[in-house]
Each structure stands twice: as C-alpha cells, then as structure tokens.
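K.L.:
Here it is, the structure, as structure tokens.
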Amino acid sequence: MATLYYPVMLRFLVVLMLPCFVHAEALVDERIPAYVIRLPASVQSVFVAETSTATFYRFARGPGNTIDKRGATYMSIGENGDGKQRDGDRRTPLGIYFVTEQLDTSKLHEKYGLTAFTLDYPNAWDRRMQRTGDGIWIHGVDRRAGKRPPRDTDGCIALPNDVLAMLESQFAANATPVVIAREINWVDPGELSATRRELDAAVSLWANSLRDGDLYTYLSLYDDNFRHWGMDKTEWTALQTETLGSRSIRKVTVGELLLLADPAEDGMYLSRFRLGVTEGTNTVEVTKRLYWRAGRSTLTIIAEDSG
C-alpha cells in the first residue's frame, strides 16, 4: 500500500473515527462541493468520493432547490490510487460517472460483499482522452474480512456492507451521478450561482438554435477541438450541416437538467438532460450529455454523448 503524506494521513484518521455513516445533523459545515451545480427533481442523490481522505459523501436536493449534505462514510479505492488511465492499472478513475445497473453478487467473489453498482467508465471524455479499461463498480466488502485498507481494490470503490445496505435505494440506474475527486473543492452554495446561470443560458442557446435551424449559432457552440464518432470538428460540421439542414424541427424541449463540474478537468462542465425533439407529429426523446469547456469569454462543447 502506498504511503500517504502526513497532512493527508491526519485527515484520514479523522475519517476513521467517524461512525459508519455520519448523517447530516453531525455535518455542521454547510459548504458543498463545487461540482454539484444543479440537481433536478429526478435525481434523488449525488455521491461525491474524495480519494485523498477515503471519504464517500451523499448529497441530495433540499427545499428551495438547495443542495444538502446527507452523510459521509469511509471507502476503499484502487491499490495504486486514483487517476485511472489504462486497463489493469488498478487505479480509481477521476471524473463524473453514472450508475448503470445493480449486480447480484451472491455468485461472485466474496470481496464484492452485499451488492454492487456498475459505473459508466470510460465515459465520453475518458474515451476522448484514450483511457481504457472497464469494470469500475461501487461494491461492498468481504463479510469475513472486516474493513479494507484505503487502497485495496482493483480500481473500484468499496463501501462497508452496512452502509451500502443503507444507501442501496439511493442508487438509481442511469440517473445517479458519482463524482470522484482527489480533493474536494468546498464552496458556499451562493458561489455557484453565476456558473449555474451561465450553463443554463448555454444549454438554452444550444436547444433554441437546434429548434430554429440556426446552424451558424448551433455550430459555433462546438469547440474547435470537438471530436465525435471519430470525426474532427470539420467532418462533424459537414455532417451536421447536411442532416440538420434537411430536418423540419417544430419543437425542442429540455428537461431534468443536471449540471456538474468535472473534478479533474479545470473549467469543464457536464450538462445532462432529457431532450425532446418534435418533427411533424413525431416526438423522439433521448438523454443527452454535453461536455462544456470554459474559455476566456464563452462556453463551448468539447464532447457529447447520449445516455
């Protein structure tokens, strides 16, 4: 197991002294992670994992669209730490991920404990950065072995079984975000207001330009370094000009807007929403993800995905 630096070890020891799951009443600090910008009503919980202190936090939407801290617990991460880059490196990824499904661990190795939830690593940004590997889960621990060391998995996040049982209902497939950060940037909630407004406006502009067939505005929102399906910006622009130019879109709706900041890429944000596109009498709905990068004066889309 790698040696932790002295200040980090002190913080880790504080975490070890916490009960298995510390509830909000005991968490008097009202600051929140800078990554949780907007939670829609459809998202019951967002989890933020801090690898430097081996701490796994739960946040939820509160009254008046506030973001409330609901608890924290100890976790174990990859044997070689965080910052996953390739298959088999035994590191836990840093970034924004979503739960995709719950697994039945009754016929798996005992180390997976009570249950397991798969994460969507590698996501669109990971693939863009040519990161490889898969099989990143949030799971329990061997019932016979007790607490695992802070670095003791193949790259997954391992939680105490009793905590996982308590949180099981909070993990929803294709809905629950899990933000994994090396060290959380804590802020007062009001500090995120300007960023929230800017991202709201950017998503609205994207949707409105799609609805109006305003190709100039629509395409201008995409970064010069945008890549998608193996195409660079020039190739993708040609495809969009051909396809969007021939469509008669009557209505575009954006719902269930989730806004998160990437914990590892400074100035990058994820907007995930339910997109409805009506052409004639036919409406198609998909879940859309747009990865935004902050420039000197504007936000541009650097990657996108569905799901």
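K.L.:
Suppose every K and R has +1 on its Cβ and every D and E has -1 on its Cβ; what is the size of the dipole of segment 190-306 about the Cα centre, in Debye to the nearest 20? Spell out each step's value before the answer.
P.N.:
Working: 14 positive and 18 negative charges, 71 e Å.
Approximately 340 debye in magnitude.
K.L.:
In nanometres, what is the gap between the two model label sites at Thr298 and Asp188, each 7 Å from Cα along Cα-to-Cβ?
P.N.:
3.3 nm
K.L.:
How much space per residue, in cubic angstrom, does the convex hull of the C-alpha atoms of segment 6-187 take up?
P.N.:
Details: hull volume 22.0 nm³, N = 182.
Here the figure is 121 Å³ per residue.
K.L.:
Sticking with this structure for a sec: Pairs to check: Lys84/Lys233; Lys251/Lys288; Lys233/Lys288. Give those whose C-alpha atoms are more than 23 Å from each other in this structure.
P.N.:
On the way: Lys84/Lys233 27 Å; Lys251/Lys288 16 Å; Lys233/Lys288 19 Å.
Beyond 23 Å between Cα atoms: Lys84/Lys233.
K.L.:
Explain nothing, just the number: dipole magnitude of the chain about its Cα centre with +1 on each Lys and Arg Cβ and -1 on each Asp and Glu Cβ, in debye rounded to the nearest 20. Before the final figure, lay out the partial values.
P.N.:
On the way: 36 positive and 40 negative charges, 46 e Å.
Once rounded to the nearest 20, the dipole reads 220 debye.
K.L.:
Post the alpha-carbon centroid distance, segment 260-305 to segment 135-207, in whole angstrom.
P.N.:
Between the Cα centres of segment 260-305 and segment 135-207 lies a distance of 20 Å.
K.L.:
Give me the log10 of I(q) over I(0) for segment 125-272 at q = 0.17 Å⁻¹, as the Debye formula computes it from C-alpha points; what are the numbers?
P.N.:
The Cα Debye sum returns log10 ratios of -1.21.
K.L.:
May I ask you to list the trypsin sites (Lys or Arg not before Pro) in segment 25-118 that are in a DSSP loop and have at most 10 other Cβ atoms within 10 Å of their Cβ? Working shown, then result.
P.N.:
Values: sites: Arg31, Arg38, Arg58, Arg61, Lys69, Arg70, Lys84, Arg86, Arg90, Arg91, Lys107, Lys111; in loops: Arg31, Lys84, Arg86, Arg90, Arg91, Lys107.
Answer by residue number: Arg86, Lys107.
K.L.:
Here's another thing I want to ask about it. Using a Gaussian network model on the chain with a 10 Å cutoff between Cα atoms, which of Leu260, Leu221, Leu205 fluctuates the most?
P.N.:
Leu205
K.L.:
Would you mind ranking Ser106, Ser42 by Cβ crowding within 10 Å, fewest neighbours first?
P.N.:
Details: Ser106 8, Ser42 13.
Neighbour counts put them in this order, fewest first: Ser106, Ser42.
K.L.:
Within a 10 angstrom radius of the beta carbon, how do Glu110, Glu79 rank from fewest other beta carbons to most?
P.N.:
On the way: Glu110 12, Glu79 17.
So the ranking, lowest neighbour count to highest, is Glu110, Glu79.
K.L.:
Based on C-alpha coordinates, I'd like the Rg and Dmax of segment 140-191, in Å.
P.N.:
14.4, 45
K.L.:
Check cross-link reach from Lys69 to the lysines: straight Cα distance under 26 Å, and skip same-chain residues fewer than eight apart.
P.N.:
Once the sequence-local lysines are set aside, what remains near Lys69 is Lys147.
K.L.:
Just one of (1) 96, 45, 36; (2) 57, 46, 36; (3) 62, 40, 38 is Cα extents along the principal axes in Å calculated from these coordinates, so which is it?
P.N.:
Step by step, Cα extents along the principal axes in Å for this structure corresponds to label (3).
K.L.:
With the Cα gyration tensor of segment 219-307 in hand, convert its eigenvalues to equivalent ellipsoid semi-axes via √(5λ) and list them largest first in whole Å.
P.N.:
Those come to 24, 18, 11 Å.
K.L.:
Could I ask something else about it? How compact is segment 111-202 by the rule of thumb for globular proteins, expressed as Cα Rg over 2.2 N^0.38 Å?
P.N.:
Numbers: Rg = 16.6 Å, N = 92, 2.2 N^0.38 = 12.3 Å.
Dividing the Cα radius of gyration by 2.2 N^0.38 Å gives 1.35.
K.L.:
Now a separate question. Would you mind ranking Ile67, Ile157 by Cβ crowding within 10 Å, fewest neighbours first?
P.N.:
Numbers: Ile67 18, Ile157 23.
Fewest-to-most Cβ neighbours within 10 Å comes out as Ile67, Ile157.
Coordinate-derived values only; no laboratory data. These numbers come from a predicted model, not from an experiment. All Cβ positions, glycine included, derive from the backbone under ideal geometry; neighbour counts span all protein chains shown.
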